[in-house]
Amino acid sequence: MARILLTGGAGYIGSHTCVALHEAGHEAVILDDFSNADESVVERIGRIIGAPPPVVNGSILDGEAVRRAFAEHAIDGVIHFAAFKAVGESVANPLAYFENNIAGSIALARAMREAQVWPLVFSSTATVYGEPDAFPIPETAPTGYTSPYAFTKITVEQILAQAAAADPFVIGALRYFNPVGAHESALIGEDPRGIPDNLMPYMAKVAMGELEQLSVFGDDYDTPDGTGLRDYIHVMDLAEAHVLSMNALLEGRAHTLNIGTGIPTSVLQMHEAYSRAVGRELPMRVVPRRPGDVPRLDADPARALEVLGFEAKRDLDAMCRDSWRWVRAQAAGWRLNDPS
Ligand code: WQD
């Protein structure tokens, strides 16, 4: 059993990783300032795993809170989720992204060094590949950035690699593709503030009647049906990949890995799958492309299988079914004090 600190652990991927850690016999401790998560998620995680995980309420930029997390809990490793992650917002407000995502990661690494805790799983992203020209994408593909958000992620990957050359950090950088879906209990799931940018939560609100129709951002890409291709992965598969990553780090095995299914899915295919889960055709229209979108992003998942023994198990229908069950459960009462 290991006790793992999850920064941003009350968030979408963090909350699901609390469950996956418990299922693997580990314990989670959450560090979160709840700037992008509803406090009720902690009690709902507790209903899934038996008892709510301990929480340290604070930002990774709050040195006292981070030190308290290490002082009050015998931490064996850290999974670092806490970050701003909206591409468009990062273009409008890059300095806030540099401070929170880069300075925050440095502050966390310094607190780990002070506490002599070395295993660190870092939440990275496939957008570090920019607009690749070969598919599926291996970890050896050229990296770069097409937004301040992606700049912060590739920069933190490189900062942590340098820190590991000077101190015994053991780093696992996981490059997520497109996380979607929810835990089968429908007690936790994606809970975006306001109108969602991302495809699946947007379709979920259309299905709930909260939004009028899906706007398909362009059908003139050089893809089989003209719409964008992405590698959607069930959030519980992604959570389980974090547990395997931490287990490898606890054995001293560092890595940088794509976490995806290796299956490219188009917007129209996703629209069809979600309509199937809901039981009726969701209204949609085609509109011009969204600036900054790339035609295709899908992972070569071979290294994650080789290094961690990881491969995604849940298919597109499970992703849509679990998302649809979650949004109905949420509407039935998870937002006890709705801030928006
Ligand atoms: C998926 C596809 C859109 C909404 C982003 C971030 C990435 C990561 C995941 C943080 C694309 C199309 C979408 C809509 C649409 N976030 N779409 N109508 O852009 O692949 O990745 O979220 O780590 O960093 O860039 O995800 O869900 O926004 O878009 O047609 O209303 O759906 O064009 O082809 P994306 P997405």
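Each value in this text was obtained by applying a stated rule to the coordinates, not by laboratory testing. Here the structure is a predicted model, which means the values were calculated and not measured. All Cβ positions, even for glycine, are placed from backbone atoms using ideal geometry, and neighbour counts span all protein chains on display.
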Cα axis of helix 235-250 to longest principal axis of the chain: angle in degrees, 0 to 90, nearest 10?
20
Assuming 0.36 nm per residue, please report the length gained on full extension of the stretch Glu72 to Arg290 beyond their Cα-Cα distance.
73.9 nm
Scan around Leu211 for amide H atoms under 5 Å from its own, H built in the peptide plane at 1.01 Å from N, and keep only partners 5 or more places away or cross-chain.
Val206
The farthest towards the positive end of the charge dipole of the chain, of the residues Ser40, Tyr232, Leu95, given +1 on Cβ of Lys and Arg and -1 on Cβ of Asp and Glu, is Ser40
Given H placed on each backbone N at 1.01 Å, which residues far from Val56 in sequence or on other chains put an amide H within less than 5 Å of it?
Ile30, Leu31, Asp32
For the pair Ala51 and Val91, how long in nm is the line joining their label points, each one 7 Å along Cα→Cβ?
4.8
Within the chain: Cβ-based charge dipole about Cα centre, in debye rounded to nearest 20 (Lys, Arg +1; Asp, Glu -1)
300
Relative contact order for the stretch 201-283 using alpha-carbon pairs under 8 Å, separation at least 6, rounded to a whole percent?
37
Residue-wise, which Karplus ³J(HN,Hα) couplings in Hz belong to the stretch 31-36, taking 6.51 cos²θ - 1.76 cosθ + 1.60, θ = phi - 60°, and x for glycine or proline?
10, 8, 9, 6, 6, 9
Nearest 5 percent is fine: what portion of the DSSP beta bridges confined to the chain is antiparallel?
5
With θ set to phi - 60°, apply the Karplus curve 6.51 cos²θ - 1.76 cosθ + 1.60 along the stretch 49-66 and write out the HN-Hα couplings as whole Hz, x wherever there is a Gly or Pro.
9, x, 8, x, x, x, 10, 10, 8, x, 8, 5, 7, 8, x, 5, 5, 5
Where a Cα-Cα gap under 24 Å defines reach, which lysines qualify for Lys153, not counting those fewer than 8 residues away within the same chain?
Lys85
